[in-house]
2 protein chains.
Amino acid sequence: MTYSVSQLLTQDITLQPLEIKGWVRTFRANRFIALNDGSTINNIQCVVDFENTDEALLKRITTGSAVHIKGNLVKSQGKGQNVEIQVTSIEILGDSDPDEYPIQPRKHGFEFLRKNAHLRTRTSTFSAVMRLRSSLSFAIHKYFNENGFYYMHTPIVTGSDAEGAGEMFKVSALDAKNPPLTKDGDIDYSQDFFGKETNLTVSGQLEAETYAMSLGKVYTFGPTFRAENSNTSRHLAEFWMIEPEVAFMDLAGNMDLAENFMKSVLSYVLEHNREDLEFLEKRLLDEEKTKPQAERSEMSLIDKIKFVVDNNFKRVSYTEAIDILKNSKPNKKKKFKYIIEEWGADLQSEHERFLVEKHFKCPVILFDYPANIKAFYMRLNEDGKTVRAMDILFPGIGEMVGGSQREERLDVLKEKMKALDIDEKELWWYLDLRKYGTAVHSGFGLGFERLVMFATGMGNIRDVIPYPRTPQNAEF
Amino acid sequence: MTYSVSQLLTQDITLQPLEIKGWVRTFRANRFIALNDGSTINNIQCVVDFENTDEALLKRITTGSAVHIKGNLVKSQGKGQNVEIQVTSIEILGDSDPDEYPIQPRKHGFEFLRKNAHLRTRTSTFSAVMRLRSSLSFAIHKYFNENGFYYMHTPIVTGSDAEGAGEMFKVSALDAKNPPLTKDGDIDYSQDFFGKETNLTVSGQLEAETYAMSLGKVYTFGPTFRAENSNTSRHLAEFWMIEPEVAFMDLAGNMDLAENFMKSVLSYVLEHNREDLEFLEKRLLDEEKTKPQAERSEMSLIDKIKFVVDNNFKRVSYTEAIDILKNSKPNKKKKFKYIIEEWGADLQSEHERFLVEKHFKCPVILFDYPANIKAFYMRLNEDGKTVRAMDILFPGIGEMVGGSQREERLDVLKEKMKALDIDEKELWWYLDLRKYGTAVHSGFGLGFERLVMFATGMGNIRDVIPYPRTPQNAEF
């Protein structure tokens, strides 16, 4: 019988001898193999009877080599593990030349590992991060499934660029060097694959609204794109987004949903990924020891996650937030880069972090923003100057969720689009939702990688997605 | 308390009066509203006390209008439902002008509904299809999660075009009209966003292999693309694919996995989507009545799904299949469009359907195909002429799954790539998997929309994805 490392470490194994396949993490004293197969952060110790093993074979047991081991599971004599395998036979499935193999049994810099992203999940850190990413994904699907939501796949290639969430990538099957031209000398997209100009989507929200207005509660979870030249540790050109959309739900319901959702998903990993989290918590602690005291987190990774799960999110209107910020120490002492002078100012990351980390010391939901700093589809309040928007701010990360109640009134929406020069013909189908059986509805967007960063404590967004797409980089 | 239609129809409701919000499907005799909110295929009947309701209000209760109803749930006097709501108050949330609303309470052609894809889930057929699509998605994630697989997001934008699964779409942020040129007059992609030419992915397999070779068992479930001008009822330019990949698993294990997976996922919808399936089964029956007897299915929708769940998939080598086909009636009588003359022929859809529907009368796994009609990465058999490939063929649909054991031997893989003129530099990372700790591994790909077609009985792939992308069409 062949087992996984996870099974050997957590289950009662009675059938002996057993078999296991995996990769050698380390081999020390010509005797102790630390074997890993990806099923858990932990290795199983396999003890080789080196005196009765061929010398040439022993030499091939190197870091990164794939092996097939037969043996017996016994109580371990040594420290650090409860059980170990007494090896009766070992076969090398795939060698790994120790002089060439990039992943050595020592600390590698993350930048080096990004260049070897095809091998980086062979390290404990990245295997833990990617197991958590997987677990968070499942928790998201589970939450929505249990709460009566339908998963919908919104289109990736889109003919509309009306949402204006950011710069878009063009998608084309035309010969880029010699494209067909119109009489006016423009590119003739009517001859392109889709018969018109097409882009990669920046959001599935507008399409999700169409399904909410028939199926009631829906969500998307798919890739979205920004062609913005932001070479930072917080931006990707390709990232995954979760966007629920619910009919008959107002902004208060939206806040309840988002808070409940975040807590549920984070609870799931606290319950199911404890060992990975403990490893990552320790890693973060080690990393922070190299930083000046002021930059270190006040809470450990697991405590930070628990803090979100256990505490109510503080709900604060934009107007209240501006008051708090205007009167805050860093504003008065001009420590903010952008001084808050009056109502209407767009909040910067420094302001958001002040509110969350210094003032309220808990996740914060800001709502009712000035209309002119928010998107066209957000529900105008009766005051005529604010919209029913909300942003959820997390400690250390800043904005985690952005959402709103949507403008359900056809005339108000048309007026708004006109003012912003958005062509009604482009969004005829979106307007139809307001023409036929319109109703209050709301939703939000959550950047998945932000969530993975929060739950893993990783500081660079390139380290929480398998193959990051960033300016000048589409390797693998 | 506000309820969903599904709750009202299936749960014991004790808190009265209650509230419900939804859309009017029909309103007849100035009295009976059939109300739907997307939570189930079924409507709830709401009985209006028309003698005590304002005439002007009654006129606004039209198909497609959104309403907020208060009332009491009572045992129904009429046929066709167990319970109904006696309406005490009704508010129109959103009108729907009966002269303009495209979705009338009668049968609409699917082509018409494709043009109104933003409203088509307001019909019973499309709401059932999309609920099933959602349910199948969840069943897939659930299956893999329960079986120790990690979900990974493989990249959508890719710099590699080596897999050769089909024509690719180009992705670019360059000014298409005035792109920068190199000295030689070619487009200078080094100035493009990613610093090189990039495309939309045709498969996540190669990247999934990198994760299988560290995490053990992984799968992708994401969008893939083909820029092929196939304007058929079975092709999409953008479709979703499921691709598991498992280390230390050979082709036999791959067949076991695929069969177990398909059965598990289809069992899930049999259990969880019974009413939607019953509706779609009836729809299919009605549709088939318009066809000549010979073209009708021998089994009903649910029986066909059960048949797959309950029967072993027949495993047949390509060589055996060729023998069967060569000696078959349609081959001898030249009824096949492509006559099978000798070993090495590529099988066409007509041959696959003959094997599944006429000869074996069950799902069939064909394996060990000639090397030269399959992809470069498939494991060469010891005979030197066949590869460890498998295709799973389903009744009515044809190929549902394509998979293989992967070539794990560095020298053999390099030779194959050389023969096919695939640049080693392009796939250096893929070759690394064979250099460092290589091992037997296998996986398969399943076109998600094919599965949804099978489970819903829909005949056109454009009707099982929210917003289909096909030649000349990227609307919505």
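The values are calculated or read from the model by the stated rules, or taken from the named source; none is laboratory data. Quantities reported herein were computed from a predicted structural model and do not represent experimental measurements. Glycine also receives a Cβ, built like all others from the backbone with ideal geometry; neighbour counts cover every protein chain displayed.
What are the residues in region B:87-103 that are charged (D, E, K, R), surrounded by fewer than 16 Cβ atoms within 10 Å (Cβ to Cβ) and out of contact with any His (no Cβ under 7 Å at 6 or more places or on another chain), if any? Explain how you work it out, then say what you get.
The initial filter retains those residues of region B:87-103 that are charged (D, E, K, R), namely B:91, B:95, B:97, B:99-100.
Next, only the ones that are surrounded by fewer than 16 Cβ atoms within 10 Å (Cβ to Cβ) stay: B:91, B:97, B:99-100.
Result: B:97, B:99, B:100.
From the list A:269, A:265, A:308, exactly one residue is β-branched (Val, Ile, Thr) and touching a Pro at 6+ places or on another chain (Cβ under 7 Å). Which is it?
Working: A:269 fails: touching a Pro at 6+ places or on another chain (Cβ under 7 Å); A:265 fails: touching a Pro at 6+ places or on another chain (Cβ under 7 Å).
Checking each option against the conditions leaves just A:308.
Being assigned by TED's automatic domain parsing to the domain that holds residue A:304 and farther than 30 Å from residue A:306 by Cα narrows it down to one residue among A:357, A:350, A:408, A:399; which is it?
Values: A:357 fails: farther than 30 Å from residue A:306 by Cα; A:350 fails: farther than 30 Å from residue A:306 by Cα; A:399 fails: farther than 30 Å from residue A:306 by Cα.
Testing whether each residue is assigned by TED's automatic domain parsing to the domain that holds residue A:304 and farther than 30 Å from residue A:306 by Cα leaves just A:408.
Kindly indicate whether any position in region A:427-436 is closer than 20 Å to residue A:204 by Cβ, touching a strand residue (DSSP E or B) at 6+ places or on another chain (Cβ under 9 Å) and either assigned by TED's automatic domain parsing to the domain that holds residue A:273 or not polar (S, T, N, Q) (or both). Lay out the reasoning, then the answer.
At the first step, the residues of region A:427-436 found to be closer than 20 Å to residue A:204 by Cβ are A:427-434.
Narrowing the set further to residues that are touching a strand residue (DSSP E or B) at 6+ places or on another chain (Cβ under 9 Å) leaves A:433-434.
Among the residues that remain, those that are also either assigned by TED's automatic domain parsing to the domain that holds residue A:273 or not polar (S, T, N, Q) (or both) are: A:433-434.
Yes, region A:427-436 contains a residue that is closer than 20 Å to residue A:204 by Cβ, touching a strand residue (DSSP E or B) at 6+ places or on another chain (Cβ under 9 Å) and either assigned by TED's automatic domain parsing to the domain that holds residue A:273 or not polar (S, T, N, Q) (or both).
Could you tell me whether residue B:465 is more than 30 Å from residue B:213 (Cα to Cα), aliphatic (A, V, I, L, M), more than 8 Å from every other protein chain (Cβ to nearest Cβ) and touching a His at 6+ places or on another chain (Cβ under 8 Å)?
Values: more than 30 Å from residue B:213 (Cα to Cα): yes; aliphatic (A, V, I, L, M): yes; more than 8 Å from every other protein chain (Cβ to nearest Cβ): no; touching a His at 6+ places or on another chain (Cβ under 8 Å): yes.
No; evaluated as a whole, the condition is false for this residue.
Among the residues of region A:253-277, write down those that are in contact with a strand residue (DSSP E or B) (Cβ under 9 Å, 6 or more places away or on another chain) and either under 22 Å from residue A:211 (Cβ atoms) or among the hydrophobic types (A, V, I, L, M, F, W, C) (or both). Spell out the reasoning first.
Let us first name the residues in region A:253-277 that are in contact with a strand residue (DSSP E or B) (Cβ under 9 Å, 6 or more places away or on another chain), namely A:253-255, A:257-259, A:261-262.
Matches in region A:253-277: A:253, A:254, A:255, A:257, A:258, A:261, A:262.
In this structure, does residue A:370 turn out to be more than 30 Å from residue A:441 (Cα to Cα) and either outside the structural domain of residue A:400 (by TED's automatic domain parsing) or not β-branched (Val, Ile, Thr) (or both)?
Values: more than 30 Å from residue A:441 (Cα to Cα): no; either outside the structural domain of residue A:400 (by TED's automatic domain parsing) or not β-branched (Val, Ile, Thr) (or both): yes.
No: the conditions fail for residue A:370.
Residue B:328 versus (1) more than 28 Å from the chain's Cα centre (by Cα); (2) exposed (fewer than 15 other Cβ atoms within 10 Å of the Cβ); (3) not charged (D, E, K, R): which is the lone unmet condition?
The single condition residue B:328 does not satisfy is (2).
Of these, B:48, B:5, which one is among the β-branched types (Val, Ile, Thr), surrounded by 15 or more Cβ atoms within 10 Å (Cβ to Cβ), modelled with pLDDT of 95 or more and farther than 24 Å from residue A:249 by Cα? Can you show your working first?
Values: B:5 fails: farther than 24 Å from residue A:249 by Cα.
On inspection, the qualifying residue turns out to be B:48.
Out of everything in region B:60-84 that is closer than 16 Å to residue B:11 by Cβ and touching a Lys or Arg at 6+ places or on another chain (Cβ under 9 Å), what residue ends up being surrounded by the most Cβ atoms within 10 Å (Cβ to Cβ)?
B:84
Test each condition in (1) in a strand (DSSP E or B); (2) facing chain B (nearest Cβ under 10 Å); (3) aromatic (Phe, Trp, Tyr) for residue A:444 and report the one that comes out false.
Single failed check for residue A:444: (2).
Please enumerate the residues belonging to region B:186-242 that are β-branched (Val, Ile, Thr), under 23 Å from residue B:441 (Cα atoms) and more than 9 Å from chain A (Cβ to nearest Cβ).
B:201, B:202, B:220, B:224, B:242
Take the residues of region B:142-180 that are more than 9 Å from chain A (Cβ to nearest Cβ) and outside any loop (DSSP other than H, G, I, E, B): which is surrounded by the fewest Cβ atoms within 10 Å (Cβ to Cβ)? Break it down stepwise before answering.
To start, the set of residues in region B:142-180 that are more than 9 Å from chain A (Cβ to nearest Cβ) comprises B:143, B:146-147, B:161-166, B:175, B:178, B:180.
With the extra rule that they be outside any loop (DSSP other than H, G, I, E, B), the set shrinks to B:143, B:146.
On the way: B:143: 21, B:146: 10.
This residue is B:146.
Any idea which residue in region A:9-32 is farthest from residue A:274 (Cα to Cα), counting only those that are in contact (Cβ under 8 Å) with a residue 40 or more places away in the chain and within 13 Å of another protein chain (Cβ to nearest Cβ)?
Checking each candidate, the answer is A:19.
Would you mind stating whether residue A:320 is assigned by TED's automatic domain parsing to the domain that holds residue A:459, without any contact (Cβ under 8 Å) to a residue 12 or more places away in the chain, among the acidic types (Asp, Glu) and not in a loop (DSSP other than H, G, I, E, B)? Give the steps one after another, and end with the answer.
Numbers: assigned by TED's automatic domain parsing to the domain that holds residue A:459: yes; without any contact (Cβ under 8 Å) to a residue 12 or more places away in the chain: yes; among the acidic types (Asp, Glu): yes; not in a loop (DSSP other than H, G, I, E, B): yes.
Yes; evaluated as a whole, the condition is true for this residue.
Just give me the residues in region B:87-103 being more than 9 Å from chain A (Cβ to nearest Cβ) and in a loop (DSSP other than H, G, I, E, B), in sequence order. Talk me through it step by step, then tell me what you get.
So the first thing to find is which residues in region B:87-103 are more than 9 Å from chain A (Cβ to nearest Cβ), and the list is B:87-92, B:98-99.
Within region B:87-103, B:98, B:99 meet the criteria.
Quick check on this structure: which one of A:398, A:402 is modelled with pLDDT of 95 or more and away from chain B (no Cβ under 13 Å)?
On the way: A:398 fails: modelled with pLDDT of 95 or more.
Residue meeting the stated conditions: A:402.
Starting from region B:392-416, take each residue that is closer than 24 Å to residue B:362 by Cα and list its partners that are among the basic types (Lys, Arg) and part of a strand (DSSP E or B), counting only C-beta distances under 6 angstrom and pairs at least six apart or across chains.
B:404/B:388; B:405/B:388
Need the failing condition index for residue A:286 against (1) touching a residue at least 12 places away in the same chain (Cβ under 8 Å); (2) in a helix (DSSP H, G or I), just the number.
The one condition residue A:286 does not meet is (1).
Report yes if some residue within region A:114-133 is within 16 Å of residue A:223 (Cβ to Cβ) and in the same structural domain as residue A:267 (by TED's automatic domain parsing); otherwise report no. Please lay out each step first, then the result.
The initial filter retains those residues of region A:114-133 that are within 16 Å of residue A:223 (Cβ to Cβ), namely A:133.
Subsequent filtering for residues that are in the same structural domain as residue A:267 (by TED's automatic domain parsing) retains A:133.
Checking region A:114-133: at least one residue is within 16 Å of residue A:223 (Cβ to Cβ) and in the same structural domain as residue A:267 (by TED's automatic domain parsing).
For residue B:463, state whether it is out of contact with any Ser or Thr (no Cβ under 7 Å at 6 or more places or on another chain) and modelled with pLDDT under 95.
Values: out of contact with any Ser or Thr (no Cβ under 7 Å at 6 or more places or on another chain): yes; modelled with pLDDT under 95: no.
Here the answer is no, as residue B:463 does not meet what is asked.
Scan region A:104-125 for residues that are assigned to a helix (DSSP H, G or I), surrounded by fewer than 23 Cβ atoms within 10 Å (Cβ to Cβ) and within 13 Å of another protein chain (Cβ to nearest Cβ) and report the count.
Here is the first cut: in region A:104-125, the ones assigned to a helix (DSSP H, G or I) are A:110-115, A:120-122, A:124-125.
With surrounded by fewer than 23 Cβ atoms within 10 Å (Cβ to Cβ) added as a condition, the list becomes A:110-115, A:124-125.
This time we only want the ones that are within 13 Å of another protein chain (Cβ to nearest Cβ), so: A:113-115, A:124-125.
So the count comes out to 5.
Among (1) surrounded by fewer than 22 Cβ atoms within 10 Å (Cβ to Cβ); (2) touching a residue at least 40 places away in the same chain (Cβ under 8 Å); (3) not in a loop (DSSP other than H, G, I, E, B), which single condition is residue B:131 missing?
For residue B:131, the exception is condition (1).
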